[in-house]
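Here the structure comes first, spelled out in structure tokens, and everything after it is commentary.
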Amino acid sequence: MTLRRLGKSVRELFIRDDKIADDEKAGHKKSTINLLERTTDELSRTKHISFRHTDLLGRMIKVVQFSPAEEPADGMNEEVGHFFQPRSEAWLALHPLDMDRPSVRNKIEEFNQDVDYRQVPSGFENSISIISQFAQSFAYRIGWHYTATRVGTNCDLMIDSDWFPTGTGDTIFRNGFLLEDHIKSHVDWTLSKAWVPGRTNKDCPHAMLMITHPVDGDDRLLRGEVLCILETMKFRLSLPEFKDHCIAPVMIISVAHNKGRILQAYWDGQYVVIRQSPLHLLNTKDIATYNLFVRYMANIPIGVTKRIPS
């Protein structure tokens, strides 16, 4: 065999191996998306507002507890389900709210007055609508701490962390994040905000959302939380720009009445794994509670998402 023919044979071998790998990845993605779609259909037809962890396990959804207050911000890796690296407390301490600005001081004072003199919203006649309004007000408060002017940043933590807000409707994503019509008619939750990685991390399939619920949350996962995770994963994996990715990590900031928690989800090849934090009371003046959410919202997308998980 001549040297030229040998080189050609070697190149063809690698091309053939690459094609086999591409076909395997495409097949895995197709089966994953089909699973997400089937599970979404099944859960959307139920009348349950929440699910026990054992119920979800039978639908290929595994829940893992974690504590944001105890989890180290450094040294994370995707082998243990870390795809969003939060900022450390020390890092956030370098970027406090800019209290020299009257607008910032006034807003903090307004929040504190709300804690001292919580009023039932006017114009709301039943408990569900009142709880829903409370949840939306606390979600707004978390979002404000994320986007408020801070010391040592270009403007705010969202911009510095390069997360780009995308438009939303009440219960659907717009600009592509579209939840199917049959989901919209069965939901009992509101999608208030959504972000995708900005210019620096535009090749990352990660997504971050904030949702609210007109219920008193507990340790069970709410239907809106699970549906939002599944639909977002399915959509992100289906985008042409992420055709080489097999994992689309999702983070949810979920607010139910006056409590909030952080959910992080990813596909491990067998289960949709949902990392669930405890519920944190939001009706408080303690800024440490809001700093906890902000540290995770100002995260850095990490992890290998292009390989087939195993």
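The values are calculated or read from the model by the stated rules, or taken from the named source; none is laboratory data. All of these numbers come straight from a predicted model, not from anything done at the bench. In this analysis, Cβ positions are derived from the backbone assuming ideal geometry, glycine residues included, and neighbour counts consider all displayed protein chains.
For K30, indicate whether it is more than 22 Å from the chain's Cα centre (by Cα) and modelled with pLDDT of 90 or more.
When the stated conditions are applied, K30 passes them.
Under 8 Å between Cβ atoms, which residue pairs at least 6 apart in sequence (or on different chains) link something in region 67-86 that is exposed (fewer than 12 other Cβ atoms within 10 Å of the Cβ) with a partner that is modelled with pLDDT of 85 or more and in a loop (DSSP other than H, G, I, E, B)?
S67/S277; S67/P278; D74/S88
Return yes when Y271 is modelled with pLDDT of 95 or more, over 24 Å from R118 (Cβ atoms) and of a type in the set (S, T, Y) and no when it is not.
yes
Residues being in a strand (DSSP E or B) and modelled with pLDDT of 85 or more: count how many of those fall in region 171-219.
Let us first name the residues in region 171-219 that are in a strand (DSSP E or B), namely 173, 190-197, 207-213.
Cutting the leftovers down to modelled with pLDDT of 85 or more gives us 193-197, 207-213.
The qualifying residues number 12.
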